[in-house]
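What follows is a short report on a single structure.
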Amino acid sequence: MRLDKGMSTLAEHAEKLFIQYLRENNLKVTRERLALLGEIFSTKEHLDADDLLARMRAHKKKVSRATVYRTLDLLVQCGLVRKSRLGQEHYFYEKVQPGKRHEHLICTHCGKVIEFWDPEIDERQRQICLEHGFRPSFYSMQIRGLCSDCQKLEHESTFLEAH
Ligand SMILES: [Zn+2]
Ligand SMILES: [Zn+2]
């Protein structure tokens, strides 16, 4: 019995699309590729390539680093996975959920990623493109700073230093 029905349906659908994409591009449908997709679709987290490699290995799935990178590229190309540069030199991957767009707040201290979505910002951007006769193909917004927990720590540590 499946408890999280919504999640598994999304994962199953994604797998179907990925297999179709691989076949159309004459690429092999391998167990490793499907396992990596499953790994990304089983979590809400934003993971980098090393996290994914570690998770695959923890689940006893043998896969090389090269395969992880290559498969991530394919998943991004076929639109099932979103790649965002959240850290300085760091790319994170997450599943794409149709109709659930979001942007990111990134804590530069603890690395926490908070997702948000604001239809007004979205609408303003659409208008700005329109005003410039611009056809957008990619858009990403992120705000970096300190999360509320880290701000508290910051206060505590300055408090300690001052007293
Ligand atoms: Zn933080
Ligand atoms: Zn996200």
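Where a number appears in this text, it was derived from the coordinates with a stated rule and is not lab data. Since we're looking at a predicted model, the values are computed, not measured. Virtual Cβ from ideal backbone geometry, glycine too; neighbours counted across all protein chains shown.
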query = Hey, quick one: spin label on Asp50, modelled 7 Å out along Cα-Cβ, who in segment 104-132 has an amide N within reach, i.e. under 19 Å?
reply = 107-113
inquiry  = Less than 20 Å from a label point 7 Å out along the Cα-to-Cβ axis of Arg144: which backbone N atoms in segment 70-110 qualify, by residue?
reply    = 83-94, 103-110
request  = Quick one: order Val29, Val68 by neighbouring beta-carbon count within 10 Å, fewest to most.
outcome  = Val29, Val68
ask   = Cβ under 10 Å from Ser64's Cβ, Ser64 left aside: what net charge do those residues give with Lys, Arg +1 and Asp, Glu -1?
value = +2
message = Name the residue from Gln20, Ser157, Tyr69 whose Cα lies farthest towards the positive end of the charge dipole of the chain, charges +1 on Cβ of Lys and Arg and -1 on Cβ of Asp and Glu.
response = Gln20
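When DSSP beta bridges are limited to those with both residues in the chain, what percentage is antiparallel, rounded to the nearest 5?
70 percent
Please compute the net charge surrounding Leu52, taking Lys and Arg as +1 and Asp and Glu as -1 over other residues with Cβ under 15 Å from its Cβ.
Taking every Cβ under 15 Å from that of Leu52, the sum is +4.
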Förster radius 22 Å - calculated FRET efficiency between Ile19 and Lys60 (Cβ-Cβ, nearest 0.05) = 0.45
ask   = What shape does the chain take by its C-alpha gyration tensor, where a ≥ b ≥ c are the square roots of the eigenvalues and a/c under 1.5 counts as rounded, a/b above b/c as prolate, and the rest as oblate?
value = oblate
remark   = In nm, the gap between the two label points placed 7 Å beyond Cα toward Cβ at Glu131 and His90 is 3.5 nm
request  = Find the relative contact order for the chain and round it to a whole percent, using C-alpha pairs within less than 8 Å whose residues are 6+ positions apart.
outcome  = 17 percent
request  = Would you mind getting me the FRET efficiency between Ser157 and Leu105? Use the beta-carbon distance for r and R0 = 25 Å, nearest 0.05.
outcome  = 0.70
message = Out of the trypsin sites (Lys or Arg not before Pro) in segment 63-163, which ones are loop residues according to DSSP with at most 13 other C-beta atoms within 10 Å?
response = Lys100, Arg101
ask   = What lysines could a cross-link reach from Lys60, if we take a straight Cα to Cα line under 23 Å and drop same-chain neighbours fewer than 8 places away?
value = Lys28, Lys44, Lys95
message = Please report the antiparallel percentage of DSSP beta bridges with both residues in segment 101-163, rounded to the nearest 5.
response = 50 percent
